[in-house]
Amino acid sequence: MGDTLFKRDEDYFIKAGAIDTAREIAHQPFVWRKMADVLAARQGEISEFMGRVLSVHGLSVIFTGAGSSAFIGESMQMLLSAETGLRMEALHTTDIVATPDCTLRDVPTLMVSYSRSGESPESVGALEYAASRIKKLFNLVIVCKEDSNVANYASKTSDTLVLTMPPETCDLGFAMTSSVSSMALGTWCAFGGRDMSGRISGIGSLASSLESEMDSLADMAGNAAGWEFDRAAYLGSGELRGLGREAAVKMLELTSGYVNAAWNSPMGFRHGPKSMVNDRAVTVHFMSERADTRRYDDDLLREMIMQKKGNRIITVRSSKSGGQSGVDLDVVYETPKDVNPLMASYIKGLVFAQLMAFEKSIALGRNTDNPCESGEVNRVVRGVEIYPIAR
């Protein structure tokens, strides 16, 4: 007998072709603590850079990446724009390199770039395009692989800070898991300003909280994975909208497209996308910790419960907020006192979404660590050529 993960022996996941993904989801609290130590050791350097850059008059902040890395930016843009009052936007590197005229403006800009592998052609391409178009450009590059094209290119540019995550975040599995949560938490700390020490400390509290909940979250995800569904919609507002996109792509990736997954805001879902709900559909409602936003979450949830037929409904919420009867699964998590509840809701929802896709993949008999064995979709994107900008 080997070690256990989610109350099952590791041999179970080895036979299922899911051991890398299982370990990478499970070890996130350990990785976060290592990241907190890295950030603490560089706190002076980070604070000096961020303080200098964020005080630039008229600064615009761009969060960018491709795929899951881009979805981190969508969530962080919503969370941090409310905190800082700065003008922020989330742009995919794929949009920057394909349409630079539409995405890059020559104004003072901090570009926050995310990359797990550091090898995606679009990641370096976006940095190069921005440098050619923006005179006053600052870069915060958050990458998991230290010796990578992105890290090496960025380290040679001026006014750039590279934050390398612990090596364990270089996920071996197909789907990004610990890389996503770590890069998101690293961003939250870097933008902490005077509260950076408190946020670094809060990572430890968040890690301990998740450790106590991980098996329970896995049990609930396994329960949901046993349902017969082939379509799913992940719904959230603000920072939870980007989480919805990440959750949807995890389900698509790990089930090889068997589950046709979509994402939206609760309000936007009514405007056509709700048509996807049938007896083989599940909706996952990430319930906001923002009082104003939560009213709209609750409105849609009540409507979905009232109209419910064979479809399934899951809510993901804090223990501090009330639930509604009539849902099929109510996923309740704790929020540590020293962690921003908005950040906690993103992280706890993220881990449940990872587990739900992971468990569904295993239930379907997919090779979870490499769900696209034929190679049409790759762990690191291939076949992309970055062309010179047309003058």
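Give me a count of the residues in the stretch 1-22 that are assigned to a helix (DSSP H, G or I) and surrounded by 20 or more Cβ atoms within 10 Å (Cβ to Cβ).
The total comes to 4.
Kindly indicate whether any position in the stretch 300-312 is outside the structural domain of residue 75 (by TED's automatic domain parsing) and surrounded by 24 or more Cβ atoms within 10 Å (Cβ to Cβ).
no
I'd like to verify a number: residues in the stretch 256-297 that are of a type in the set (Gly, Ala, Ser), within 16 Å of residue 314 (Cα to Cα) and under 21 Å from the mean Cα position of the chain (by Cα), how many?
Result for the stretch 256-297: 4.
What is the residue count in the stretch 340-368 for residues that are assigned to a loop (DSSP other than H, G, I, E, B) and either out of contact with any Ser or Thr (no Cβ under 9 Å at 6 or more places or on another chain) or buried (at least 24 other Cβ atoms within 10 Å of the Cβ) (or both)?
Looking only at that region, the number is 3.
Grab the helices (runs of 4 or more DSSP H) fully contained in the stretch 89-154, keeping just those with 3 or more residues being under 19 Å from residue 68 (Cβ atoms).
Passing ranges, in order: 93-98, 121-133.
Just to be sure before I move on: is residue 102 outside the structural domain of residue 237 (by TED's automatic domain parsing), closer than 25 Å to residue 38 by Cα and surrounded by fewer than 20 Cβ atoms within 10 Å (Cβ to Cβ) in the structure I sent?
Answer is no for this residue.
Do the conditions hold for residue 293, that is, is it buried (at least 21 other Cβ atoms within 10 Å of the Cβ) and at pLDDT 95 or above?
no
Going through the stretch 162-201 one residue at a time, which ones are touching a Cys at 6+ places or on another chain (Cβ under 6 Å) and either among the β-branched types (Val, Ile, Thr) or not in a helix (DSSP H, G or I) (or both)?
Within the stretch 162-201, 165, 169, 170, 200 meet the criteria.
Among the candidates 94, 64, which residue alone is polar (S, T, N, Q) and more than 15 Å from the chain's Cα centre (by Cα)?
Unique residue meeting the criteria: 94.
With the condition kept exactly as written, say whether any residue in the stretch 145-159 is under 25 Å from residue 343 (Cβ atoms), surrounded by fewer than 23 Cβ atoms within 10 Å (Cβ to Cβ) and not assigned by TED's automatic domain parsing to the domain that holds residue 251.
yes
Taking into account only those residues within the stretch 268-315 that are aromatic (Phe, Trp, Tyr) and in contact with a strand residue (DSSP E or B) (Cβ under 9 Å, 6 or more places away or on another chain), which is nearest to residue 224 (Cα to Cα)?
Out of the qualifying residues, it is 286.
The values are calculated or read from the model by the stated rules, or taken from the named source; none is laboratory data. What you see is a predicted model, and the numbers here were worked out from it, not measured in a lab. Please note: Cβ atoms are built from the backbone with ideal geometry, for glycine as well, and neighbour counts cover all protein chains shown.
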